[in-house]
1. At a Förster distance of 30 Å, what's the computed FRET efficiency of residue 41 paired with residue 162, Cβ-Cβ distance as r, to 0.05?
2. Points 7 angstrom from Cα along the Cβ direction at residue 74 and residue 13: gap in nanometres?
3. Suppose the chain between residue 107 and residue 194 were pulled fully straight at 0.36 nm per residue; how much longer would it get relative to their current alpha carbon spacing?
4. Whole angstrom only: what separates the Cα centroid of the stretch 175-212 from the Cα centroid of the stretch 63-117?
5. Once the cut-off is 32 Å, how many percent of the Cα-Cα pairs in the chain end up in the long-distance tail?
6. With contacts defined as alpha carbon pairs under 8 Å and 6 or more residues apart, what's the relative contact order of the chain in percent?
7. Roughly speaking, what is the stretch gain from residue 148 to residue 90, that is 0.36 nm per residue apart minus the C-alpha to C-alpha distance, in nm to one decimal?
8. Please give the helix 47-56 orientation as an angle from the longest Cα principal axis of the chain, in degrees from 0 to 90, rounded to the nearest 10.
């Protein structure tokens, strides 16, 4: 990974893309091999150091993974409390800031059951950036969303990358989203990263499995992902 870039991981369903993300922050333990992050080995990292690593790497889960019994504000504060970030007043202010960033101010007291699918994804993203991470992992951020909300989420990913200068790893099977947001593409095939390159190189590749995957999943790219919808 290169600091400040957006790397999109693509590949067929069930090939291990989401598993890969979870292994990066050791939500799943690897069977073998090595993962190095910020110059340190993740697979054998003791728990106190691992907590510190997770403070620097946030994750937006596929289903947003909000706690149904908590309000929006309480969901966003959860990582702040866990990592002992600031006092109560500072946390309240941070909740306001991140909700503004994702275009959803003033919804602190709502429950997840009162939110649409797109709104839940944006609240999940607000929670992910609340802790001011260096890296954000996105697991299928646009799955299940209508085209309007897909554009909103893609636009948010782009704006947050520019505004916060975070490094982003995006797992997706949506080729339109991939080509809208990415700097580089990594193709997961046969349990290996068989190809890595720019989106321009992906379009011109002679690597048959990637060419077929891209051509099969790519629609008409009409939005640059920067509009808010």
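All of the numbers you see were taken from the coordinates with simple rules; none came from a lab. Predicted model, so just to flag it, every value in this text is computed and none were measured. In this analysis, Cβ positions are derived from the backbone assuming ideal geometry, glycine residues included, and neighbour counts consider all displayed protein chains.
1. On the way: r = 31 Å, r/R0 = 1.04.
It comes to 0.45.
2. Taking the simple label geometry, residue 74 and residue 13 are separated by 3.5 nm.
3. Working: separation 87, 0.36 × 87 = 31.32 nm, distance 4.34 nm.
Roughly 27.0 nm would be gained on extension.
4. Taking the Cα centre of each part, the stretch 175-212 and the stretch 63-117 sit 35 Å apart.
5. Numbers: 4826 of 26106 pairs.
That fraction is 18 percent.
6. Working: 361 pairs, mean separation 66.3, N = 229.
Once divided by the residue count of the chain, the mean separation gives 29 percent.
7. Details: separation 58, 0.36 × 58 = 20.88 nm, distance 3.31 nm.
Full extension from residue 148 to residue 90 adds 17.6 nm.
8. 80
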